[in-house]
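Colleague: Before I ask anything, let me first share the structure, which is written out below as structure tokens.
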Amino acid sequence: MAETLIPYVAEMGFTHIEFMPVSEHPYDPSWGYQTTGLYAPSARFGGPDGFARFIDGAHRAGISVLIDWVPAHFPVDEHGLAHFDGTALYEHEDPRLGFHPDWNTAIYNFGRREVMSFLVNNALFWAEHYHVDGLRVDAVASMLYRDYSRKDGEWIPNEWGGRENWEAVEFLRAMNKALYGTHPGIVTIAEESTSWPGVSKPAHEGGLGFGFKWNMGFMHDTLQYMARDPVHRKFHHDEITFGLVYAFSENFVLPLSHDEVVHGKGSLLTKMSGDDWQKFANLRAYYGLMWGYPGKKLLFMGQEFAQRREWSEERALDWDLLNHPAHAGVSRLVRDLNRLYREKPALHARDCEAEGFEWLVVDDAQASVFAWLRKAPGAAPIAVVSNMTPALHDHYRLPLPHDGLWREVLNSDAEIYGGSGKGNLGAVTAQHGGAQIVLPPLATVMFEFVG
């Protein structure tokens, strides 16, 4: 894997590789989320030394490695932690406290110091022993609420009569404090699907102490929007704009994860509306919008070349699709978006701060156009404009904050990406607070202020 994956990721311009759980697990279709050996890299992929070698190789190529970590639950297989000494040692005796109906698994007894120590030390183990650069913590919401996926009578309130699992909160704070306190530069990311306050706020300020939180709302709303026929999108304009109301309430990662392309949900490409050409155009426009949107970007494998089939752990990705121009075009676009994102501070430096974002066009629902400015101190601002209809707008008036030349630095409709090649011949000139621009069909364009 080191010889093939690391050069590919580097060439595509990604900064991080995130692995689904590498800890030992008994059941292949769980993808590692049913962990039995928290301290053991799975033998499926080679020995522990091989995993260490992979991470070392990634670091030499300037790529960070994140791993999915699962302290939310554990399977009840006899060779695992369940009833380890014949008693409920790691879990709770009462199933209303200690059993997950969703996954048929046991819940750690976070209130026991020995259990908290076991888990916090496991987080430190991956950082110290294997030098991983961060942990993405799975199913945090299921840890925070005692009534998660439960009906009345199936759970026990906390001592104040509430639904919060304060023992889990203390554990998460302790884990984040331990990791951030001993490993400068490490990052923890919470998959947390509710509006629990302060997930990415420091623990000493009353938060959970994570560095980032997955933005499930962005993923859900925007994919729902992209699935709509463009004729209907004007009635659902807020599915794109609403996310900006809370975009800076946490440090967000925008996740297009494995969960969106399995179990009958289809691939990202097949979620897009329209015929085949429009599906590709929609996907390219969507990626352009996402890379211009505040927050860090995450793609699941295969999405960078528009994998057609739903993902399955039983087969490889359909790499031969890269021989087809439309798929190769999406791959080129993602590579260029990554390069642009890394090179332009306006696009990344203030991802989590409201000062880095400003609406230019927020209410043009009729034309399904969205436009905003990304900015950072000392950097040239970049305007991001998306046209989510198949109509070409060849005289669109775009308000811009500075008069002068704005260079077109990205156009998802460019022919090299598989588009129709409509655009602005490299630049537009703003006068009196705006510019006449060409907005290609189903496309995102970006303009950088030159002066």
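Colleague: Which residue is nearest to the chain's Cα centre (by Cα), if the candidates are limited to the range 247-302 and must be among the polar types (S, T, N, Q) and either open to solvent by less than 10 Å² (accessible area, probe 1.4 Å) or farther than 30 Å from Trp196 by Cβ (or both)?
Modeller: Ser257
Colleague: Residue check: is Glu358 among the charged types (D, E, K, R) and either within 23 Å of Ser200 (Cβ to Cβ) or open to solvent by less than 60 Å² (accessible area, probe 1.4 Å) (or both)?
Modeller: yes
Colleague: Counting just the residues of the range 381-400 that are more than 15 Å from Ala365 (Cα to Cα), more than 26 Å from the chain's Cα centre (by Cα) and not charged (D, E, K, R), which one comes out most open to solvent (accessible area, probe 1.4 Å)?
Modeller: That would be His395.
Colleague: Which numbered condition trips up Asp413, out of (1) in contact (Cβ under 8 Å) with a residue 60 or more places away in the chain; (2) surrounded by fewer than 22 Cβ atoms within 10 Å (Cβ to Cβ); (3) part of a loop (DSSP other than H, G, I, E, B)?
Modeller: Of (1) in contact (Cβ under 8 Å) with a residue 60 or more places away in the chain; (2) surrounded by fewer than 22 Cβ atoms within 10 Å (Cβ to Cβ); (3) part of a loop (DSSP other than H, G, I, E, B), only one is false for Asp413: (2).
Colleague: Go over the candidates Val253, Val245 one by one and state the one that is modelled with pLDDT of 95 or more, part of a helix (DSSP H, G or I) and out of contact with any His (no Cβ under 9 Å at 6 or more places or on another chain).
Modeller: Answer to the check: Val245.
Colleague: Criterion first (out of contact with any helix residue (DSSP H, G or I) (no Cβ under 7 Å at 6 or more places or on another chain), among the basic types (Lys, Arg) and at pLDDT 95 or above) does Arg146 satisfy it?
Modeller: So Arg146 fits the description; yes.
Colleague: Given the criteria surrounded by 13 or more Cβ atoms within 10 Å (Cβ to Cβ), over 26 Å from Arg150 (Cβ atoms) and out of contact with any helix residue (DSSP H, G or I) (no Cβ under 6 Å at 6 or more places or on another chain), does Val70 qualify?
Modeller: no
Colleague: Run Leu97 past the list (1) outside any helix (DSSP H, G or I); (2) over 15 Å from His131 (Cα atoms) and report the number of the one that doesn't hold.
Modeller: Looking at each condition in turn, Leu97 falls short on (1).
Colleague: List the residue pairs whose Cβ atoms are under 9 Å apart, where the first residue sits in the range 182-197 and is free of Cβ contacts under 8 Å to residues at least 12 places away in the same chain, the second is assigned to a loop (DSSP other than H, G, I, E, B) and not acidic (Asp, Glu), and the two are 6 or more positions apart or on different chains.
Modeller: What qualifies is Ser195/Ser249; Pro197/Gly206; Pro197/Gly207; Pro197/Ser249.
Colleague: Hey, another quick one. Of the residues Arg335, Arg308, Arg339, which single one is surrounded by fewer than 22 Cβ atoms within 10 Å (Cβ to Cβ) and assigned to a loop (DSSP other than H, G, I, E, B)?
Modeller: Arg308
The values are calculated or read from the model by the stated rules, or taken from the named source; none is laboratory data. In this text, all values refer to a predicted model and were calculated from it rather than measured experimentally. Every residue, glycine as well, gets a Cβ built from its backbone with ideal geometry; the counts of neighbours run over all protein chains shown. Remember, those area values only see protein heavy atoms, side chains included, never the ligands or the DNA or RNA. Shrake-Rupley method; radii C 1.70, N 1.55, O 1.52, S 1.80 Å.
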